[in-house]
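The values are calculated or read from the model by the stated rules, or taken from the named source; none is laboratory data. None of the values given here were measured: they were computed from a predicted structure. Virtual Cβ from ideal backbone geometry, glycine too; neighbours counted across all protein chains shown.
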Amino acid sequence: MIAVAHDRLFGIAFGNFHLYRCRSCGCVFQHPLPDSATLASFYPRQYWWSESRQSRFSSVLSRMERAYREFVALDHVRFLERCAAGAGSGRSLLDIGCGSGTFLHLARRRGFLPHGMDVSARAVAAAREQYGLAVRQGEIGSDV
């Protein structure tokens, strides 16, 4: 085990998450993976965020919300950097449940090669439109 993490920013997911590094390829992964019901409880309906462009006022609020979300997600990216220390260049990142892609966007800016997927078509569309991310819609193991 290389790290123990918990949801200290949003307070939605309770308990600790144990991260391990594969001795062969260096991949960092969470073990054990939560079951579907537990995982679903971590993500309320509006967990992911999408920028809105309806009026000048809402545009200002949207930019402020985006800045705040990026500020918060940057803490996750810093944690990821610590876990990936010594991995060299070309560090790939797979975010299962990537939502609208804020975390992947920030990780890409810090040198990671981002890959993501989400079950929500709206979240995937937002990640593609807002950040130009090549993410896919589906669940783990799906052929989509």
> Looking at segment 65-110, which of its residues are free of Cβ contacts under 8 Å to residues at least 24 places away in the same chain and touching a Ser or Thr at 6+ places or on another chain (Cβ under 7 Å)?
Replying inline: none
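Could you grab me the full set of residues in segment 52-85 that are at pLDDT 75 or above and either in contact with a strand residue (DSSP E or B) (Cβ under 6 Å, 6 or more places away or on another chain) or of a type in the set (Gly, Ala, Ser) (or both)?
Taking segment 52-85 as the starting set, the residues that turn out to be at pLDDT 75 or above are 59-85.
Of everything in segment 52-85, those that are at pLDDT 75 or above and either in contact with a strand residue (DSSP E or B) (Cβ under 6 Å, 6 or more places away or on another chain) or of a type in the set (Gly, Ala, Ser) (or both) turn out to be SER59, SER62, ALA67, ALA73, CYS83, ALA84, ALA85.
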>> Whether any residue in segment 91-99 is closer than 23 Å to CYS25 by Cα, at pLDDT 75 or above, in contact with a Leu (Cβ under 8 Å, 6 or more places away or on another chain) and among the β-branched types (Val, Ile, Thr) is what I want to check.
In response: no
> Considering only segment 111-120, how many residues are touching a residue at least 60 places away in the same chain (Cβ under 8 Å) and in contact with a strand residue (DSSP E or B) (Cβ under 7 Å, 6 or more places away or on another chain)?
Replying inline: 1
> Any residue at all in segment 94-108 that is over 22 Å from ALA67 (Cα atoms), hydrophobic (A, V, I, L, M, F, W, C) and touching a His at 6+ places or on another chain (Cβ under 9 Å)?
Replying inline: yes
